[in-house]
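Q: This structure is in structure tokens; I'll ask about it shortly.
The values are calculated or read from the model by the stated rules, or taken from the named source; none is laboratory data. Fair warning: this is a prediction, and the values are worked out from it, not measured in the lab. Note that we place each Cβ from the backbone using ideal geometry, even for glycine, and neighbour counts take in every protein chain shown. Keep in mind that these areas ignore ligands, DNA and RNA; they rest on the heavy atoms of the full protein, side chains included. Shrake-Rupley method; radii C 1.70, N 1.55, O 1.52, S 1.80 Å.
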Amino acid sequence: MLDFVIPAPAPVSLAVAGGVGAFPVGRVFCIGRNYRWDPHDKATPVDMPPWLMKPTSAVVPAQGELRYPSGTIDFCHEVELVVAIGHGGSDIDPAQVEAQHIWGYAAGLDLTRRDLQQQAKRAGNPWEAAKAFDQSAPCTPLVPASVCGHPRQGAVWLAVNGIERQRGDLSELLWPVRELVAMLSRSLALRPGDLIFTGTPSGVGSLQPGDVVSGAVSDIGRFSMTVCEPPQPARPRRSTSATITGVSS
Ligand code: MN
């Protein structure tokens, strides 16, 4: 056993639906632009969709309170099908993805500080500040593929205070799950424990403290969470160094 010089980080895991065991979470990949948001857009995508990553500190159970993050005034919801990888690999054949590599599925929220994302887009900066914050990827318990199969259709929806905002169907994914997994595996080696958020239907919008956010992905996962108050802005700290400098000079 290694003699770590600081306490090793605790593993992050997700519950398994049915209550048997836990799924250890490795990395989190988020796919962008995987539904047609504009019905008039008839163009078929020719390139692979963009993707980004969130750290494991983003993953929390999709229940109870949804923390309003610091540093934003535009906290947005994106409901998504989440794919859990059970067997990793590189250059995976799309035809083998479902049978060999996917362990299960969940419903997830790809939470976004949209104002920071817009700023980053304008400045040509990375998106981590907008996407990779703590608790930004709540997930329902994972359903093993041995139980739910590999869903090709089913509603993906989200409502705020009972009013529907997002509704799509898994059959509308521009890049189906097997293609997404194969695509990522050509860019890096997928590992057991990786989660893939597969993109969100149109209707993304802002959340306010007190909002009740509910939603589901097919019959795989259903959630309801309440947005809590944002953290109070930190009081500006007065540096003591000025005083010290004043005294010493
Ligand atoms: Mn997303």
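Q: All but one of (1) open to solvent by 70 Å² or more (accessible area, probe 1.4 Å); (2) in contact with a helix residue (DSSP H, G or I) (Cβ under 9 Å, 6 or more places away or on another chain) hold for I6; state the number of the condition that does not hold.
A: Answer for I6: the failing condition is (2).
Listed here are the residues, each with its yes/no results for (1) more than 16 Å from the ligand (Cβ to nearest atom); (2) in a strand (DSSP E or B).
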residue	(1), (2)
R165	no, yes
L174	no, no
R178	yes, no
V181	yes, no
P209	yes, no
V213	no, yes
D219	yes, no
F223	no, yes
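Q: In addition: Looking at (1) away from the ligand (no atom under 12 Å from the Cβ); (2) under 23 Å from L184 (Cα atoms), which is the one condition that is false for V79?
A: Failed condition: (1).
Q: Additional query: Restricting to strands (runs of 3 or more DSSP E) lying wholly in region 47-120: which have 2 or more residues that are in contact with a Cys (Cβ under 9 Å, 6 or more places away or on another chain), farther than 24 Å from P144 by Cβ and open to solvent by 10 Å² or more (accessible area, probe 1.4 Å)?
A: Ranges flagged: 51-54.
Q: Please state which one of S171, S214 is surrounded by 15 or more Cβ atoms within 10 Å (Cβ to Cβ), at pLDDT 95 or above and of a type outside the set (V, I, T).
A: S214
Q: Scan region 33-46 for residues that are open to solvent by less than 20 Å² (accessible area, probe 1.4 Å) and within 30 Å of G210 (Cβ to Cβ) and jot them down.
A: Result: Y35, single match.
Q: For residues in region 17-28 being farther than 13 Å from V82 by Cβ and in contact with a strand residue (DSSP E or B) (Cβ under 6 Å, 6 or more places away or on another chain), which is surrounded by the most Cβ atoms within 10 Å (Cβ to Cβ)?
A: Result: A22.
Q: Answer yes if at least one residue in region 107-118 is within 13 Å of the ligand (Cβ to nearest atom) and farther than 24 Å from S224 by Cα, and no otherwise.
A: yes
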